[in-house]
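Enquirer: Before I ask anything, let me first share the structure, which is written out below as structure tokens.
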Amino acid sequence: MRSSKVLPAASLFGGMVLLSSIFSLQGYLLDDVIACYSLSDSAKGLAAAVAMVCGVGALLLSFFLIGRVRKFTLLKAAFLLCSLALIALCLKPSFAVFVLLWGAIGLGLGFVDTLLSACMSDLYHGEEKKATRMMCMLHMTYGLASMAAPLLFGLLISRGAAWYMMYSVAGGFGLLLLIFTFIAARKGGEDGLGGPAASGDADLSFGRILKTVTAGPLPFFILAMFFHGYFLSGLNTWITRYVGDTLGSPLRDISLTFLFAGVMLSRFLFPFTGLKPEKYIRVSCILSAALMLAAVLTGSAWAAVILTALSGLAFGATIPCMLNLACESVQGNTMLATTPMMLALYLGQAVSPPVIGALESAAGLRWGMLSCCVIMLVTAVCCIPAAARCGKPQAE
């Protein structure tokens, strides 16, 4: 790794830690928030819902900012917005303000989510193997931070820190990261960090954006991300209930841990396998669907947990590989790849829980889990033509 890329890359890894820490806060402090504001019914999830809506809004707004604002400039603004809103939460404001602050955080997170992958692709543009490796490591960081953040919060609270001070811990880290990112931008130079030279035309028309998003492999990658979002959210939301209630096993508490252990191991190992990303995404979804189908059909809790972990090992590197390949297909305008793909992922994740919940009510959760297997096969159907189109120049 060239020295000029070390600091910018480190700031992107830090951004993934911030992203993961904030998502961890939502769940970890939920009981304290409910007790503090005496919440009931739908109000319990209002802040999270508003944050998600604003995150989607940020992705939509990104289309109007592509080519007009430097990526690292927008990333620094997103870090600042998240950090200030988090610190403001420490004041225990009224619930209305609390929800508005989470809306601001969601807005910042939406930008961070699409910018991290886009900036990493810009940073290692033209270095195929290294770009794939760094993208996989970037997304592996999310899983590691998701495991570490709750442990840190629990340790601090056990030593006497007030629950609401955890917001300042994440916000303080965000401010330190912001300072570090300013230094990284100066040391690394702007051209490799999403400046005009790395982000295409300074003013992209709606027609140009639409043409890019609907050309080459990108529309297939967008569809693949939607279906993969359904699959991933389905497992994340329902695997513990399936193992615990449907199979009646105490292994429910480790099922999700095993799944994400497989995902993180996949992202760590993939760069060392020598596999071409184009070949990998063609088979990863089929293999993971087959493993999940076996997990559901066996009826054994231990087999389900182990096969789910193996499924995570099979598909874990799919998202970073798809993002990297998509960014390479729209060289110079990487946000035109990451933004619609992350938006599709969000939508797929939003659709999955209610659909599987309806299937559980109608026919049992086993059918809901089987729907994940079918959807993962649909993801593979989208990945195959996407991979075939990678590397082919787009028509102007």
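Enquirer: Would you work out the charge dipole size for the chain about its Cα centre, treating the Cβ of every Lys and Arg as +1 and the Cβ of every Asp and Glu as -1, and quote it to the nearest 20 debye?
Expert: Working: 25 positive and 17 negative charges, 133 e Å.
The dipole of the chain has a size of about 640 debye.
Enquirer: If you average the sequence gap of Cα pairs under 8 Å that are 6 or more apart and divide by the length of region 71-170, what percent do you get for the contact order?
Expert: Working: 59 pairs, mean separation 36.9, N = 100.
Result for region 71-170 is 37 percent.
Enquirer: For L251, which sequence-distant residues (separation of 5 or more, or a different chain) have an amide H within less than 5 Å of its own amide H, given hydrogens modelled in the peptide plane?
Expert: Result for L251 returns nothing.
Enquirer: What order do you get for 290-296, 50-56, 315-321 when each peptide is scored by the mean count of other beta carbon atoms within 10 Å, highest first? Mind showing how you got there, number by number?
Expert: Values: 290-296: 21.6, 50-56: 20.0, 315-321: 27.0.
Sorting 290-296, 50-56, 315-321 by mean packing, highest first, produces 315-321, 290-296, 50-56.
Enquirer: What lysines sit close enough to K130 to cross-link, taking a C-alpha to C-alpha distance under 16 Å and skipping anything fewer than 8 places away on the same chain?
Expert: Reachable lysines: K5, K276.
Enquirer: So, one more: Roll a 1.4 Å probe over the protein chains and send me the accessible area per residue for region 53-137 in Å².
Expert: Working: 2990 Å² over 85 residues.
Using a 1.4 Å probe on heavy atoms only, each residue of region 53-137 averages 35 Å².
Enquirer: Highest mean first, what order results for 279-288, 224-233 on Cβ atoms within 10 Å?
Expert: On the way: 279-288: 21.3, 224-233: 26.3.
Order by mean packing, descending: 224-233, 279-288.
Enquirer: Using every alpha carbon pair in region 29-172, what percent of pairs falls into each 10 Å bin from 0 up to the bin containing the largest distance?
Expert: So the P(r) values, bin by bin, are 11, 33, 35, 17, 5, 0.
Enquirer: Using only Cα positions of the chain, each an equal point scatterer, no hydration layer, compute I(q)/I(0) via Debye at q = 0.06, 0.07, 0.09, 0.11 Å⁻¹ and quote the log10 values to two decimals.
Expert: At q = 0.06, 0.07, 0.09, 0.11 Å⁻¹ the computed log10 ratios are -0.23, -0.31, -0.53, -0.80.
Enquirer: Sorted by mean Cβ packing within 10 Å, highest first, what order do the peptides 150-156, 166-172 take? Don't jump to the answer; show the numbers that get you there.
Expert: Details: 150-156: 14.0, 166-172: 21.1.
With the highest mean Cβ count within 10 Å placed first, the list reads 166-172, 150-156.
Enquirer: How high is the relative contact order of the chain, given as a whole-number percent (alpha carbon pairs under 8 Å, six or more residues apart)?
Expert: On the way: 614 pairs, mean separation 94.9, N = 396.
After rounding, I find 24 percent.
Enquirer: Only helices at least 20 Å long along their axis, Cα-based, and averaging -0.5 or more on Kyte-Doolittle count here, so list those DSSP H runs from the chain.
Expert: Working: long enough: 3-28 (38 Å, 1.03); 46-65 (28 Å, 2.45); 71-89 (27 Å, 1.95); 95-123 (41 Å, 1.73); 128-158 (45 Å, 0.76); 166-188 (32 Å, 1.36); 218-241 (35 Å, 1.00); 252-269 (26 Å, 1.16); 277-298 (31 Å, 1.23); 301-315 (21 Å, 1.94); 335-363 (41 Å, 1.09); 365-389 (37 Å, 1.62).
Counting only whole DSSP H runs, the qualifying helices are 3-28, 46-65, 71-89, 95-123, 128-158, 166-188, 218-241, 252-269, 277-298, 301-315, 335-363, 365-389.
Enquirer: Could I ask something else about it? Would you list which lysines come within 28 Å of K92, measuring only between C-alpha atoms, while excluding same-chain residues fewer than 8 positions from it?
Expert: K44, K76
The values are calculated or read from the model by the stated rules, or taken from the named source; none is laboratory data. Being a predicted model, the structure only gives us computed values, none of them experimental. Heads up, the Cβs are rebuilt from the backbone with ideal geometry, glycines too, and the neighbour counts pull from every protein chain shown. To get the accessible areas, we keep the full protein, side chains included, count just its heavy atoms, and leave off ligands, DNA and RNA. Shrake-Rupley method; radii C 1.70, N 1.55, O 1.52, S 1.80 Å.
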